[in-house]
Amino acid sequence: MDALIGNDDDMDIEVFDDEELSQEEEERAPAPSATTCIEDFVASFLFQLAAGGKQPSESDAEAESELDSSPVSTKAKRTPPIELRVADRRAVDSGTLRTMRYPAKRATGSARPFARMFKVLDLMHEAVVDGVPATKRDIYYKDVPLFKTQKVVDDLVDDLAATFELERADLNVRATSKGLVCGSGLVIHLVSGEKIRVNDTEGSLIPVGEDIASFEVGEDVAWVLLVEKDAVFQTLCRLRLVDRPALRGRGIMITGKGYPDVATRQLVATLAANLPRRIPILGVVDGDPFGLDILAVYKYGSRAMAHEGEKLAAGRVKYVGVFASELGRCVISRE
């Protein structure tokens, strides 16, 4: 689901063939492979480890020379720490790197962060070489005592993808899907050749982007609705909101069950990029900071996934919920 186009006549959404790539893209130097990135990164660590630390700079060499030539100095030479540069996805500047050092003065020790990172790198490398996709959940359960929490794995996977300037799919690591879609106006064609025919009365699990070949959208689809909460989504499904005669045409309804996962955001972003502008994409969330933050993730993307922001942001999303400022006009108590 790397690049998709829409057809206004039947609104099929298909994947570009390689033959359709522009001359400029063909002449562009190929990006390094995931295996090369992982192996070079690990080799950098091993090289420093064998050399006794990071490679000294010119200033370091001069300082060491002065120390050696000083007859009064009895200070022992210090072994420089091993350093690795990893992307800092939470920095304002998406290109910011943070430095991991070993040894380092930490209350919890400095070996565990490196052990966690190399465990993730090992499992990523295995997934890429063997061609067998792994999920973040799979990686976590490979060594629960080491990782402690799922969030540690989630952060490491995304940090390393940003460090290598690759997408998580390039590393053959997937997030577990949780989002649902409702509305028979949408048919999902999978790479395997299978089809997911979404129905009007219950949600279908949204597959990960790597498994999707194309979408087929019915000509009578007139709106897309994003719903924050799963309970509200299920109620609206049972009421068959997507094919209500009172509404203008059929609809597609999507929920990420709170903060949306990557597969849900990819689906929404793809629809936003390819559906005609006459079809609105609306969001119903709580009128509080958390609800508006969820809507912003759909619309603008998240800081944690800023390196994949262009593929995951759907700028067309519009909020149709109630604003807190409207409560007074409706004579509704804030309590």
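The values are calculated or read from the model by the stated rules, or taken from the named source; none is laboratory data. None of the values given here were measured: they were computed from a predicted structure. Neighbour counts run over all protein chains shown; Cβ positions are idealised from the backbone, glycine included.
Between Lys119, Lys75, which is basic (Lys, Arg) and modelled with pLDDT of 85 or more? Before you say what the answer is, go through the steps one by one.
Numbers: Lys75 fails: modelled with pLDDT of 85 or more.
On inspection, the qualifying residue turns out to be Lys119.
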Next on the checklist: Quick check on my filter: what residues within the stretch 136-188 are touching a Lys or Arg at 6+ places or on another chain (Cβ under 8 Å) and within 30 Å of Arg238 (Cβ to Cβ)?
Outcome noted: Ala175, Thr176, Lys178, Gly179, Leu180, Gly183, Ser184, Gly185, Val187, Ile188
Checklist entry - Consider Pro133 against the criteria (1) touching a strand residue (DSSP E or B) at 6+ places or on another chain (Cβ under 9 Å); (2) without any contact (Cβ under 8 Å) to a residue 12 or more places away in the chain: it satisfies all of them except one. Which criterion is unmet? => result (2)
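For the stretch 164-219, please list each of the strands (runs of 3 or more DSSP E) lying entirely inside it that holds at least 2 residues being free of Cβ contacts under 8 Å to residues at least 40 places away in the same chain and either farther than 27 Å from Asp154 by Cβ or under 17 Å from the mean Cα position of the chain (by Cα) (or both). Walk me through how you get there before you give the answer.
Values: elements: 180-182, 186-190, 195-197, 212-217.
Because the criterion is at least 2 residues that are free of Cβ contacts under 8 Å to residues at least 40 places away in the same chain and either farther than 27 Å from Asp154 by Cβ or under 17 Å from the mean Cα position of the chain (by Cα) (or both), the strands (runs of 3 or more DSSP E) in the stretch 164-219 that meet it are 186-190, 195-197.
List the helices (runs of 4 or more DSSP H) inside the stretch 242-332, counting only whole elements, that have at least 2 residues being at pLDDT 85 or above. Walk me through it before giving the result.
Values: elements: 262-274, 289-300, 309-312.
Hits in the stretch 242-332: 262-274, 289-300.
When you look at Val173, is it at pLDDT 90 or above and crowded, with 17+ Cβ neighbours inside 10 Å, yes or no? Let's see the steps before the verdict.
On the way: at pLDDT 90 or above: no; crowded, with 17+ Cβ neighbours inside 10 Å: yes.
Criteria not met by Val173.
Determine whether Gly291 is surrounded by fewer than 22 Cβ atoms within 10 Å (Cβ to Cβ), within 18 Å of Gly179 (Cβ to Cβ), in contact (Cβ under 8 Å) with a residue 12 or more places away in the chain and not assigned by TED's automatic domain parsing to the domain that holds Asp170.
On the way: surrounded by fewer than 22 Cβ atoms within 10 Å (Cβ to Cβ): yes; within 18 Å of Gly179 (Cβ to Cβ): yes; in contact (Cβ under 8 Å) with a residue 12 or more places away in the chain: yes; not assigned by TED's automatic domain parsing to the domain that holds Asp170: yes.
For Gly291, the condition - surrounded by fewer than 22 Cβ atoms within 10 Å (Cβ to Cβ), within 18 Å of Gly179 (Cβ to Cβ), in contact (Cβ under 8 Å) with a residue 12 or more places away in the chain and not assigned by TED's automatic domain parsing to the domain that holds Asp170 - is met.
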Checklist outcome for this item: With criteria (1) within 13 Å of the chain's Cα centre (by Cα); (2) among the charged types (D, E, K, R); (3) not in a helix (DSSP H, G or I), Asp155 comes up short on (3)
Checklist entry - Restricting attention to the stretch 108-132, and to residues there that are closer than 18 Å to Thr149 by Cα and among the charged types (D, E, K, R), which single residue is farthest from the chain's Cα centre (by Cα)? => result Arg112
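Please work out if Val153 is over 29 Å from Asp122 (Cα atoms), at pLDDT 90 or above, among the hydrophobic types (A, V, I, L, M, F, W, C) and crowded, with 17+ Cβ neighbours inside 10 Å.
Values: over 29 Å from Asp122 (Cα atoms): no; at pLDDT 90 or above: yes; among the hydrophobic types (A, V, I, L, M, F, W, C): yes; crowded, with 17+ Cβ neighbours inside 10 Å: yes.
Considered against the rule, which asks whether it is over 29 Å from Asp122 (Cα atoms), at pLDDT 90 or above, among the hydrophobic types (A, V, I, L, M, F, W, C) and crowded, with 17+ Cβ neighbours inside 10 Å, Val153 comes out as no.
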